[in-house]
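Worksheet: the structure to be examined is printed underneath.
The values are calculated or read from the model by the stated rules, or taken from the named source; none is laboratory data. This one's a predicted model, so the numbers in the text were calculated from it and none came from an experiment. Note that we place each Cβ from the backbone using ideal geometry, even for glycine, and neighbour counts take in every protein chain shown. Note: accessible area is taken over every heavy atom of the protein model, side chains too, but ligands, DNA and RNA are not part of it. Shrake-Rupley method; radii C 1.70, N 1.55, O 1.52, S 1.80 Å.
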Amino acid sequence: MWSLIEKNKNDIIYLSLLLFSVFIGPYYRKLKTVETKKWGGTILGLILIAIVSGYSAVHPILSAFIGILAIKVATIKYCHIVTFFLMFGYLFFFRLADKFGFSLSSGQTNLIEMIMVLRVVGVAFEMNGSWLAIAKSKKQNDELVKSVNIEDADKREVKEKDDEFLELINPDFIDLIHYSFSYIGLLTGPYYRYRTFNDYFYLPFSKHADCFGSTINTLKAVPLYISLYLAFSNICPLEYVLTEEHNNRSFLYRMMYPWVLFAAFRQRIYAGMTLAESVCTSSGLGAYPVQGKNRTGHGPTVGYLKLNEMSEDEAKVTDYDFITVESMEVWQCESVVTLRDSMKVWNKAVQYWVAMVVYKRFPIKPLKVHAALFVSVIWHGFHAGYFFCIYFCPFYLMAEDIYYKLYYKEATGMKKNIIGFIMWFLRSHSESYQAAAFLLLTFDRIWIYYSSVYFYWYGVWLVFLILGIILNQIHNKKD
């Protein structure tokens, strides 16, 4: 028992700090003034960084200050580009610190640094995006007014016709500090926008949402996730795949071993992400009325202007959700049929960040997907395992999309269930095979395992893809 505790000491400390962050939420929510809340959250965040990181706390703190200075020094037209390269440049230095004569930081400090990159780069893109949106709206309104001969009253009606809420997001230096270092979501996420952070202090939603009930509902599965993680990781330890004993097992055993490895990894992620969501729900951050049709990472997608003007009396009687800070849809992660759908429900807040910051803003359309994948990889780290895991997804998706359209999309009844199970099995097997690389990290360790199973899954992918293309052409000729 003691050896197990010693082995997982850092994880236990990290878990304890997450639980403390959940516990402190109701007390933090009751702080009276906005300034007290902001400074309280920032000071608590800095304390958490210091406890987790020790001397290495200088990295997330320094990198955030560098990014914030870049935001304020550069114009709003270019701050997002400058901040992106500075923050990722520091992330490179942080992870290669031993090459420069410094000691490497713990994995827990690495998680905080990753969140810091999301927040500082995200707010820079949010500021630039608001500036672009206002400029575009003004141009469209001016063109519309010029195109018709109407009176001044009608011009006002044209300008107010769009229900989309537009505002210039340009926080001052201190508010950027508060957003970057707020304890809510600092340890493991989830990512949330500056607008969500600002709404938390100035809109009444957190006072009237059922924060306690939502937190309990979110937390109730955590003991199960932790128990399953401990069970799976002890039954099938990762290092076993590198042993001669593993290589002497049957091919079927070696082929299916990653299923248990990935199952253990998923339980660990579920536990961490669920606790991170609970930090948000206990403090009330991310609570929005359900009529806003809220989206993870983004917040309300419709009628934000009406929500922004909601009175205290209306806020008391409305229904709320915390979808804005929801990272994982656990049941969907386990049950969806396709890899494409699985990717949509896995770590949704980070996927939102990648979509908004990289995919939608990358200027070369044919390279958008590759840019998004590349940034996702380097955000996770420089190890070969991240490239093997993340960059091979599109190759499987190419084949999967063909079979989905040919056989599953229009199927019904028992036929749909059977095809769905086959596709679920193949999706799960593909994820497990890729996850083995993600967990083994280095090229030499990945080579040991993949060579023990003869790299078979890459061959299966290729056969599936070629056969799918042929079947698709035959189907099109028949049509």
Going through S342, S335 one at a time, which residue ends up being touching a Phe, Trp or Tyr at 6+ places or on another chain (Cβ under 8 Å), modelled with pLDDT of 90 or more and assigned by the TED database to the domain that holds E431?
S335
Residue among F395, F421, F374 that is without any contact (Cβ under 8 Å) to a residue 24 or more places away in the chain, within 30 Å of G189 (Cβ to Cβ) and in a helix (DSSP H, G or I):
F374
Every residue from the stretch 377-392 that is of a type in the set (F, W, Y) and either touching a residue at least 40 places away in the same chain (Cβ under 8 Å) or in a helix (DSSP H, G or I) (or both):
W379, F382, Y386, F387, F388, F392
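Rundown of residues vs (1) within 20 Å of the chain's Cα centre (by Cα); (2) of a type outside the set (G, A, S), yes/no style:
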residue	(1), (2)
L224	no, yes
R268	yes, yes
A287	yes, no
N294	yes, yes
Does L367 satisfy the criteria of being within 24 Å of V121 (Cβ to Cβ) and loosely packed, with under 15 Cβ neighbours inside 10 Å?
yes
For the list (1) closer than 30 Å to Y456 by Cβ; (2) more than 13 Å from the chain's Cα centre (by Cα); (3) of a type outside the set (D, E, K, R), I need the number of the one condition that V345 fails.
(2)
Selection within the stretch 404-424 - open to solvent by less than 70 Å² (accessible area, probe 1.4 Å) and more than 28 Å from the chain's Cα centre (by Cα):
L406, Y408, A411, G413, K416, I419
Return the pair list, or none, for Cβ contacts closer than 6 Å from residues in the stretch 340-356 that are within 16 Å of W424 (Cα to Cα) to residues that are among the polar types (S, T, N, Q), at least 6 apart or on different chains.
V345/Q332
Filtered residues of the stretch 307-333 (kept if touching a helix residue (DSSP H, G or I) at 6+ places or on another chain (Cβ under 8 Å), of a type in the set (D, E, K, R) and in a helix (DSSP H, G or I))
K316
